[in-house]
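Undergrad: Below you'll find the structure I mean.
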Amino acid sequence: MSQAIEEACASAASKVLLSGHTGPWSSMMGSYKMEEERVNEYPLYKKAKEDHYIYRSEGGEWVVTNSRADVDEDGGSILTQGPAQLPTSEGVTWQYWDGSKWVPDDAISAIDVKA
């Protein structure tokens, strides 16, 4: 693991609040807690009592999905518009899949929730 990845993981939030989307994937909004497992060397977050996850893709984007299988297949329905060290990094912008294309959604944000 590179020093940059180690530093990112060390500074990663233990809880992330994803909010702002009111479209087809609004059920994915909510609080996510860091799991012990890593995906592509970065933290995996899981929404309590639901099969929803936030993980860092092979391409470096942060992805939100409603299926553990999507994590394994590098898929999802909401993702950052480019690579980011963490989902809570400053300047991160998000987009969602509307069934035929990716749509930017400036309302989506991911913030560090202090435990």
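The values are calculated or read from the model by the stated rules, or taken from the named source; none is laboratory data. Worth saying up front: this structure is predicted, and the values here are computed from it rather than measured. Methodologically, a virtual Cβ is constructed for each residue, glycine included, from the backbone with ideal geometry; neighbour enumeration extends over all protein chains shown. For the accessible areas, the whole protein counts, side chains as well, though only heavy atoms, and no ligand, DNA or RNA atoms are used. Shrake-Rupley method; radii C 1.70, N 1.55, O 1.52, S 1.80 Å.
Undergrad: So which residues in region 101-113 are open to solvent by 60 Å² or more (accessible area, probe 1.4 Å), in a loop (DSSP other than H, G, I, E, B) and in contact (Cβ under 8 Å) with a residue 12 or more places away in the chain?
TA: Hit for region 101-113 is 106, nothing else.
Undergrad: Sticking with this structure for a sec: Which one is least open to solvent (accessible area, probe 1.4 Å), of the residues in region 53-80 that are closer than 15 Å to residue 18 by Cβ and not in a strand (DSSP E or B)?
TA: Checking each candidate, the answer is 77.
Undergrad: Which residues, counting only those in region 29-39, are out of contact with any Ser or Thr (no Cβ under 7 Å at 6 or more places or on another chain) and not charged (D, E, K, R)?
TA: 30, 31, 32, 39
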